[in-house]
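These notes concern the structure reproduced below.
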Amino acid sequence: MRILVISDIHSNSVALEAIREPFDICFCLGDLVDYGPDPAGCLNWVMRNKCEAVRGNHDHGTAHFVAVNGERGFRYLTSVTRPLQWSALDASQRQFLTRLPATRRVDVDGVRYLLVHGTPRDPLDEYLRGDFTEWSRQIRNQDVDVLCVGHSHIQFHRETDGLRILNPGSVGLPRDGDPRAAYAIIEDGKVQLKRVEYDVERAIALNDALNLPDKAKQMYRTCLTTGRIRPNGEDLFEGETVERSA
Ligand SMILES: [Fe+2]
């Protein structure tokens, strides 16, 4: 079985459609929506491909009509793009988001996977980073072999004591300085972290056509062209010195 692992698409269907990998099953680790111009296209892709999907914090906020206020950083971008998600999605698409589970267990070829957007302890909002030994212990307690997470938009694969933790990175809004769409392939037990170039200018043009403040359009352009929120290379996790995003 060949598994495609994607996360944090963030309404960027141009990036999503650039991933031309054959796969038998797709794990989608949440944050399908917010920030980008085409939430409906991204949801349709995930629904059409019958992905094993979990809910991200942005899916939760969009599905439950959570309005966000913020003047800076990704919280600002969420505040101005979320109303556009509501108007772009129909009732069945919003229902799909509402019904996404916070965690999901999937067995493939005898390997036990736990899918979660944040962490097993806090599936929507906590970032998995730092002490991987701690997380290995948590996985062992949950009887899984591979923990698949998203949320940080940072791609990595770690293995400790035979336990694996995978973050495929972000399809639609990478934040590690590499603007190419990020994803992972698992085949025959081996994990490959992958990147693919896509038509960034097309995604920006779609966004520029929306009724958004110029500040938001410029921020989105910076994110997509640099792979960071700020052109000087500085990036911040949501919840650090920039205002927290939902
Ligand atoms: Fe995200």
How high is the relative contact order of the chain, given as a whole-number percent (alpha carbon pairs under 8 Å, six or more residues apart)? 23
If contacts are Cα pairs under 8 angstrom and at least 6 residues apart, what is the relative contact order of the range 44-166 in percent? 21
Pick from Arg105, Arg55, Arg221 the residue whose mean-square fluctuation is largest in a GNM of the chain, springs joining Cα atoms under 10 Å. Arg105
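Given charges of +1 on the Cβ of Lys and Arg and -1 on the Cβ of Asp and Glu, with all other atoms neutral, how large is the dipole of the chain about its Cα centre, in debye to the nearest 20?
240
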Residues Val68, Val111, Val54, sorted so that the one with the fewest Cβ neighbours within 10 Å comes first: Val111, Val68, Val54
From largest to smallest, what semi-axes in whole angstrom does the chain give when each is the square root of 5 times an eigenvalue of its alpha carbon gyration tensor? 27, 19, 18
Exposure proxy ranking, count of Cβ atoms within 10 Å, fewest first, for Arg195, Arg99: Arg99, Arg195
Collect residues whose amide H, placed 1.01 Å from N in the peptide plane, falls under 5 Å from the amide H of Arg112; neighbours closer than 5 in sequence don't count. Asp145, Val146
Just want the ordering: Glu52, Glu21, from fewest to most Cβ atoms lying within 10 Å of their own Cβ. Glu21, Glu52
Most mobile listed residue (Gly118, Gly36, Gly110) in the chain, GNM with C-alpha springs under 10 Å: Gly110
Anyone know which of Ala184, Ala18, Ala203 comes out most mobile in the 10 Å Cα GNM of the chain? Ala18
Only loop residues by DSSP count here, and only those with at most 12 other Cβ atoms within 10 Å; note down the trypsin sites (Lys or Arg not before Pro) in the range 118-181 that meet that. Arg121
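Bear in mind these aren't lab numbers, they're just calculated from the coordinates by the rules spelled out. From a predicted model like this one, the values you see are computed outputs, not experimental measurements. Because the Cβ atoms are built from the backbone with ideal geometry, glycine has one as well, and the counts that use them run over all protein chains shown.
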